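The values are calculated or read from the model by the stated rules, or taken from the named source; none is laboratory data. All figures in this text were calculated on a predicted structure; none of them were measured in a lab. Cβ placement follows ideal geometry from the backbone for every residue including glycine, while neighbour counts extend to all protein chains displayed.
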Amino acid sequence: MSVDLTTLVTEGWRPEWSDIDTRSTLDLVRLMNAEDARVPAAVASAAAALAAAIDGVVERLEGGGRLVYVGAGTAGRIGVLDASECGPTFNTAPGQVVGVIAGGDGAVSQASESAEDDDDAGAADLAQLTIGPGDAVVAVSASGRTPYALGAVGQARSVGALTVAVTCNPGSPLAAAADHAIEVVVGPEVVSGSTRLKAGTAQKLVLNTISTVSMVRLGKTYGNLMVDVRAGNEKLRARAQRIVELATGCPPEEAAAALASADGEVRTAIVTLLTGDEVTAARDALARAGGRVREAIRVDR
């Protein structure tokens, strides 16, 4: 089937860049940097739509549902990346944030370009996850017409899941198919059609925002501190102690002792130091506060 790309902004051609293969390295670096600088403004223009989608995602996560990113190629890889980083950063439960890429896990490191044309595969991959009405599915596609992503959104909607489209073209089929459309129009790429560039950067910013703001709303931070960080190496253990110090104003040795007593649980250590609670009481206060440190320190004792 013939595909008409001439109407897609992401496939646009800029004649003034037709000589880039003759330009100096410094000129090319400056050109790319100037174009990349356009991306944050494009994301900002979608702020209201992004906030509305995040509120829907938070509602599902609070109810025990999942956040599922789905996409093909670069878009799929960015989703897998964001999902994989939620565990160590926010201590999300296994399977709470999931990245699904066309062609399966192997397509993360080895491109499987033809997989994006299979809408049935997109539907089947989500069906295999037993997506339901309590879940939120974020489909990412620069063009907004990727069959795999459209199939995934169709499956998600058929079972009542929340659907969000992240695209870089206005008025796309994917945007029309989803409950929430986040359209971040960044314009033609320096290398025409190479949507791993500005479009990919825009997708990364949008997914960063979705996951981070969702986790803040869920109480995974105290102020701007990662109080649910999973300290799995020396750097993260040092960061955990630093977080306790910053949150409580206590000296390093006191923070280290509180963390040791709390079995490394940053939130619990902070509550013990701020309230004088024993570890068991601090955990109970956190449980009653839904894990939110700010509320736990105000819990009646």
- Message: If the requirement is being modelled with pLDDT of 95 or more, within 20 Å of residue 15 (Cα to Cα) and not in a loop (DSSP other than H, G, I, E, B), which of these qualifies: 176, 199, 156?
- Response: 199
- Note on the structure: The number of residues in region 243-263 that are buried (at least 16 other Cβ atoms within 10 Å of the Cβ) and part of a loop (DSSP other than H, G, I, E, B) is 2
- Leading residue by the ranking (surrounded by the most Cβ atoms within 10 Å (Cβ to Cβ)) among those in region 89-112 that are touching a helix residue (DSSP H, G or I) at 6+ places or on another chain (Cβ under 7 Å) and part of a helix (DSSP H, G or I): 90
- Query: So residue 6 fits all but one of (1) without any contact (Cβ under 8 Å) to a residue 40 or more places away in the chain; (2) part of a helix (DSSP H, G or I); (3) farther than 26 Å from residue 128 by Cα; what number is the exception?
  - Reply: (2)
- Message: Whether any residue in region 271-283 is buried (at least 18 other Cβ atoms within 10 Å of the Cβ) and part of a loop (DSSP other than H, G, I, E, B) is what I want to check.
- Response: yes
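Matching residues to (1) of a type outside the set (D, E, K, R); (2) at positive phi; (3) surrounded by fewer than 17 Cβ atoms within 10 Å (Cβ to Cβ):
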{"position": "20", "(1), (2), (3)": "yes, no, yes"}
{"position": "23", "(1), (2), (3)": "no, no, yes"}
{"position": "28", "(1), (2), (3)": "yes, no, yes"}
{"position": "36", "(1), (2), (3)": "no, no, yes"}
{"position": "43", "(1), (2), (3)": "yes, no, no"}
{"position": "65", "(1), (2), (3)": "yes, no, no"}
{"position": "68", "(1), (2), (3)": "yes, no, no"}
{"position": "77", "(1), (2), (3)": "no, no, no"}
{"position": "86", "(1), (2), (3)": "yes, no, no"}
- Message: If a residue must be assigned to a helix (DSSP H, G or I) and crowded, with 22+ Cβ neighbours inside 10 Å, how many such residues does region 121-152 contain?
- Response: 8
- Got at least one residue in region 225-242 being buried (at least 17 other Cβ atoms within 10 Å of the Cβ), modelled with pLDDT of 95 or more and touching an Asp or Glu at 6+ places or on another chain (Cβ under 8 Å)? no
- Residue count, region 27-64, condition in a loop (DSSP other than H, G, I, E, B) and farther than 29 Å from residue 160 by Cα, comes to 2
- Search region 88-104 for residues that are under 20 Å from residue 118 (Cα atoms) and pair each with any residue that is among the acidic types (Asp, Glu) and not in a loop (DSSP other than H, G, I, E, B) when their beta-carbon atoms are under 8 Å apart and the residues are at least 6 apart or on different chains. 99/82; 100/125; 102/116; 102/125
- May I ask you to list pairs of residues, at least six apart or on different chains, whose Cβ atoms are under 9 Å apart, with the first in region 16-40 being in contact (Cβ under 8 Å) with a residue 24 or more places away in the chain and the second being among the acidic types (Asp, Glu) and surrounded by 14 or more Cβ atoms within 10 Å (Cβ to Cβ)? 35/189
